[in-house]
């Protein structure tokens with residue numbers, strides 16, 4: 001064919017090419033939309049949340065009464081006034097302070113209207129998403145200390161660093177970008193590393209990671225089964241160690257034996273029921289799994305240091321109509 005023939009067919013070829021390009025562009029957009037929908041579906045139950053205190057208040061999500069949950073929570077109070085309550089203890093809010101709340105602990109952040117800061121929550125599996133495998137020494141050590149309800153002061157140098165990290169977390173959390181979970185978990189890991197550096201905790205520096213993991217697993221199982229399992233042997237059997245070994249390791253890391261923690265967890269629940277409801281001794285004993293009220297009374301006096309009636313008088317009785325998530 002000559003040049004004229006080529007020129008005649010060229011617009012047809014170009015049209016077909018453009019049609020293919022348009023089709024490819026549409027296909028690419030559909031693919032991106034499909035990925036975004038999958039990402040949203042995948043992350044709708046994401047075991048992680050982060051919000052500013054201002055957002056929580058404006059959206060009616062800021063708890064106005066004591067509560068508890070099964071995940072870890074960190075509250076960074078940048079500025080403001082009020083109280084941080086953990087169980088039966090309370091602490092005045094201090095600017096640039098981070099409050100760590102372990103799973104299962106009753107707590108409340110009583111913050112003034114001008115309080116600024118962030119609240120983030122997550123579970124253990126979400127932390128390990130950013131690691132090659134679970135049981136890494138840093139996270140074992142950090143979570144082991146987390147159960148103490150650490151309070152960490154933030155210095156000026158750390159303030160700007162973690163502020164940028166949290167702002168990036170909020171940006172990622174509020175959008176559904178590709179690999180959203182992985183990015184958020186990585187940012188959380190970085191945030192926790194800076195917290196550990198700031199806290200300067202040396203108490204577990206030379207403790208083997210395996211021992212910290214054992215104690216962390218013990219705390220976790222105790223929180224789930226304290227109403228039905230009341231002996232060290234029961235927890236040791238489930239953790240596949242001897243009762244003596246479990247108690248020795250728990251004592252070495254926490255300063256108290258495993259049986260002490262079991263008793264304290266039961267007494268804590270008893271004190272909760274007394275403080276936050278009008279349950280009588282028989283009802284409290286029954287809820288804690290004691291068949292004999294007399295045995296429960298002796299147990300309470302021995303572990304709490306005061307008898308049931310005296311503690312009840314010290315704490316007072318809340319109105320029975322007050323709603324409180326004890327279940």
Notebook entry, point to check: So if we plug the beta-carbon distance of residue 231 and residue 59 into 1/(1 + (r/R0)^6) with R0 = 41 Å, what FRET efficiency do we get, rounded to 0.05?
Noted result: 0.35
Notebook entry, point to check: Given a Förster distance of 56 angstrom, what is the FRET efficiency for residue 280 paired with residue 46, based on the Cβ-Cβ distance and rounded to 0.05?
Noted result: 0.85
Next item on the list: For region 62-108, state the semi-axes of the equivalent ellipsoid (square roots of 5 times the eigenvalues of the alpha-carbon gyration tensor), sorted largest first and rounded to whole angstrom.
Entry: 18, 12, 9
Item checked: Chain lengthening between residue 155 and residue 251 when straightened (0.36 nm per residue, less Cα-Cα) -> 31.3 nm
Next item on the list: Take each of the peptides 267-278, 107-118, average the number of other beta-carbon atoms within 10 Å over its residues, and list them starting from the highest.
Entry: 267-278, 107-118
Next item on the list: Just subtract the alpha-carbon distance of residue 116 and residue 164 from 0.36 nm times their residue separation and send over the number in nm, one decimal.
Entry: 15.8 nm
Check: If you take the alpha carbon radius of gyration of region 209-315 and divide it by 2.2 N^0.38 Å, what ratio comes out, to two decimals?
Finding: 1.15
Check: In which sequence would 62, 173, 178, 300 go, from the one with the fewest C-beta neighbours within 10 Å to the one with the most?
Finding: 178, 62, 173, 300
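Computed from the coordinates by the stated procedures, all read-outs in this text should not be read as laboratory data. Nothing here was measured: the structure is a model prediction, and the numbers come from that model. Every residue, glycine as well, gets a Cβ built from its backbone with ideal geometry; the counts of neighbours run over all protein chains shown.
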